[in-house]
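The values are calculated or read from the model by the stated rules, or taken from the named source; none is laboratory data. Quick caveat: nothing in here was measured; it's all calculated off a predicted structure. Backbone-built Cβ (ideal geometry, glycine too); neighbour counts: all protein chains shown.
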Amino acid sequence: MKIRDVRCHVAKMGSSWLTETVIANPMSAYPAYWETRSSWFQTMSAGVIEVILEDGTSGFGFIGGGKASAAPAILDEQMRALIVGRTVFENELIQEQLYRASIFYGRGGLTQAILSGIDIALWDARGKLLRQPAYNLLGGKIRDVLPVYYTGSDPSALRAFGIKNMKIAVPWGPAHGEAGMAKNEVAVARAREVLGPDAFIALDIYMGWDVPYTLRMYDRLERYNIAWLEEPVMPDDYDGYRRIRESVNTMVTGGEHEYTLAGFRRLIEEGCVDIVQPDIYRAGGPTALAKIAALAKAHHIKLVCHGVGSATYHFLSTLGPELTPFAEYVDIYRGAEKDWVLTDDPRPEGGELRLSDAPGFGYALNEDVFRFGRAVTPIW
């Protein structure tokens, strides 16, 4: 079945705890941007690629990165012409050609996020065409349920989902000195008190620390039994990752802001991480993540995708527990608009995620969002 057209749907993102609370990040070094990520994110937009087949079947794929309003120009000026006329089964060829054709301005970032949306949409369309859930086409579901951990800032919120384990979005970074370190410890201590001694507590640092600060902070927090330190330094600081990993008595994780197989190879082969965390909406969709998963398995490290959504969970359900022991659930709706750009977004119950057997990824376009111009829940 050939591809007749490719479209991009864009909606403005709203606000939530993710955008309006203090969370350590790369801009935390500058006082003007301490308080909220929205102060430097500025306008955020969600985008969905729609691949339309000759028979009218549509597949949909979310674009990562939060700047989807820039995607239509790239699609219109180049990528659509390289996709239309191909068959829905040529995802490997389409991805390779789009990567090569955009290499002079791409190699990551927004360009790779668009490629990810296209790849996800192809898998979704293929599933609908064949009347099969995407996980069957991705190799078959190994597990009926995925155990999950919660990402957020309020440990009391876990009870609503039956989740026991938490990753804290840490608030403060090096520019905040000893006072910030003390506040970070208060947040971790509260989580340990609320969740109890048996829960794992990980730290999402979101590229906001550096090597000396991470080691000092870990010295203060080690007694709280930290499960891992996630993205402690900037993505290209492979040496920093390795130095931290060699110096702490816990796991170090990263990969949310890696975009290519070559980048993941460095993270893994250079001993930077214990768990690699690709984002399916940034790192090339299921086609690329299958290669990253094979690389991780060959090097005997874990893979736990960053982020939420049906595409993420369909992919993870095809990986065994020895490679992927759990999935992430980011509480994107807490204090936020309740609309999403797609019509299905699995949420955990009793600490687990279950997927339907609907064709493709089990969702459609939330047309009301685009028809009425409503802001959507922020996630990037």
If we keep just the residues of region 253-268 that are farther than 20 Å from ILE120 by Cα and either of a type in the set (A, V, I, L, M, F, W, C) or in contact with a His (Cβ under 7 Å, 6 or more places away or on another chain) (or both), which is surrounded by the most Cβ atoms within 10 Å (Cβ to Cβ)?
-> LEU267
Go through GLY61, GLY14 for me and flag whichever is surrounded by 15 or more Cβ atoms within 10 Å (Cβ to Cβ), small (Gly, Ala, Ser) and touching a helix residue (DSSP H, G or I) at 6+ places or on another chain (Cβ under 6 Å).
-> GLY61
Quick one: SER156 ticks every box in (1) in a helix (DSSP H, G or I); (2) modelled with pLDDT of 95 or more bar one, so which box is it?
-> (2)
Restricting the search to region 295-348, which residues are modelled with pLDDT of 95 or more, more than 25 Å from PRO359 (Cα to Cα) and part of a loop (DSSP other than H, G, I, E, B)?
-> HIS299, HIS300, ILE301, GLU322, LEU323, PRO325
Based on what the data block shows, is PRO286 touching a helix residue (DSSP H, G or I) at 6+ places or on another chain (Cβ under 7 Å), assigned by TED's automatic domain parsing to the domain that holds ILE168, crowded, with 22+ Cβ neighbours inside 10 Å and outside any loop (DSSP other than H, G, I, E, B)?
-> yes
Quick one: would you say SER58 is within 20 Å of the chain's Cα centre (by Cα) and either farther than 28 Å from ASP344 by Cα or of a type in the set (Ser, Thr, Tyr) (or both)?
-> no
Among (1) touching a helix residue (DSSP H, G or I) at 6+ places or on another chain (Cβ under 7 Å); (2) of a type outside the set (Asp, Glu); (3) touching a residue at least 12 places away in the same chain (Cβ under 8 Å) - the single one TYR30 does not satisfy = (1)
Tally, over region 37-52, of residues that are within 20 Å of the chain's Cα centre (by Cα) and of a type in the set (Val, Ile, Thr) | 3
Would region 173-185 turn up any residue that is in contact with a strand residue (DSSP E or B) (Cβ under 8 Å, 6 or more places away or on another chain) and of a type in the set (A, V, I, L, M, F, W, C)?
-> no
Name the single residue, out of those in region 80-115 being under 22 Å from MET44 (Cβ atoms) and in contact with a strand residue (DSSP E or B) (Cβ under 7 Å, 6 or more places away or on another chain), that is surrounded by the most Cβ atoms within 10 Å (Cβ to Cβ).
-> ALA113
